[in-house]
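Just below is one structure, and these are the notes that go with it.
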Amino acid sequence: MKLGRELLSAQAIQQRVRELAEQVSKDYARIARPLILLSVLKGSVCFATDLSRYVTVPVNFDYVAVSSYGSGTESSGVVQLLKDLTMEVTGRDVLMVEDIIDTGLTTSFLFEHVQRHRPSSLKLCVLLNKEERRVKPVPISYKGFDIPNHFVVGYGLDYDELYRNLSAVHVLEPD
Ligand code: PRP
């Protein structure tokens with residue numbers, strides 16, 4: 001597989017991240033304690049980090065890790081928790097940050113997991129949405145872009161751990 005055409009430019013991504021951050025900042029302007037930005041490793045790190053730089057309300061960072069994909073391009077559909085929350089989220093406002101929602105299996109699993117800790121609120125912020133691939137519905141509160149069903153890399157998203165560092169999102173193509 002090789003890097004194909006640019007689907008979203010670095011500039012378009014940054015612009016949209018700023019807009020999402022503005023909306024998040026407005027919505028959480030009156031919270032008593034910092035908003036917990038819960039990133040799902042590893043893909044959402046770039047997005048969550050940039051988002052946090054534009055958000056104007058106080059935030060805390062936490063991370064969870066799950067495994068659902070192998071090294072290829074297809075989901076196994078099996079979700080396993082590899083790294084749990086480290087913060088106490090009970091009674092806190094939590095914003096789960098994802099780079100992409102595909103089948104929705106990962107996010108549904110994590111949503112249920114976090115809900116069991118009884119946060120005061122739990123919402124989802126996602127950069128890329130592949131609606132066509134949805135198996136389980138997920139409630140998206142903040143969405144960057146709807147994208148077609150291509151395998152995409154860059155801005156956190158990988159193919160075999162490569163391309164996460166790209167500032168733009170590209171389509172992956174066969175050699
Ligand atoms: C990606 C992405 C989501 C998940 C979405 O992670 O970050 O967590 O897949 O897919 P789904 O909607 O079909 O469940 P991935 O498993 O590729 O791990 P990574 O973030 O470490 O690259």
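Quick look at the values:
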read-out	value
Any hit, the range 31-48, residues being surrounded by fewer than 16 Cβ atoms within 10 Å (Cβ to Cβ), in a helix (DSSP H, G or I) and among the basic types (K, R)	no
Matching residues in the range 115-143 - criterion: being in contact with a Ser or Thr (Cβ under 6 Å, 6 or more places away or on another chain), more than 12 Å from the ligand (Cβ to nearest atom) and under 13 Å from L38 (Cβ atoms)	H117, K123
Per-region count, the range 79-94, residues in contact with a strand residue (DSSP E or B) (Cβ under 7 Å, 6 or more places away or on another chain), over 13 Å from L35 (Cβ atoms) and more than 10 Å from the ligand (Cβ to nearest atom)	6
Pair list, Cβ < 9 Å and 6+ apart or interchain, from the range 9-21 residues that are without any contact (Cβ under 8 Å) to a residue 60 or more places away in the chain to residues that are surrounded by fewer than 15 Cβ atoms within 10 Å (Cβ to Cβ) and basic (K, R)	A21/R53
Any chance V97 is within 26 Å of L172 (Cβ to Cβ), within 9 Å of the ligand (Cβ to nearest atom) and in contact (Cβ under 8 Å) with a residue 24 or more places away in the chain	no
Index of the failed condition, L124 passing every other in (1) touching a Gly at 6+ places or on another chain (Cβ under 9 Å); (2) over 18 Å from V152 (Cα atoms)	(1)
Only listed residue being within 9 Å of the ligand (Cβ to nearest atom) and of a type in the set (D, E, K, R), chosen from D175, D102, D146	D102
Among (1) assigned to a strand (DSSP E or B); (2) modelled with pLDDT under 95; (3) touching a helix residue (DSSP H, G or I) at 6+ places or on another chain (Cβ under 9 Å) - the single one S76 does not satisfy	(3)
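Matching residues to (1) surrounded by fewer than 18 Cβ atoms within 10 Å (Cβ to Cβ); (2) farther than 25 Å from L162 by Cα:
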site: Y63; (1), (2): no, no
site: M87; (1), (2): yes, yes
site: V94; (1), (2): no, yes
site: S108; (1), (2): yes, yes
site: R118; (1), (2): yes, yes
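The values are calculated or read from the model by the stated rules, or taken from the named source; none is laboratory data. Keep in mind that what you see is a predicted model, and the values were worked out from it rather than measured. Reconstructed Cβ throughout: ideal geometry from the backbone, glycine too, with neighbour counts over all protein chains shown.
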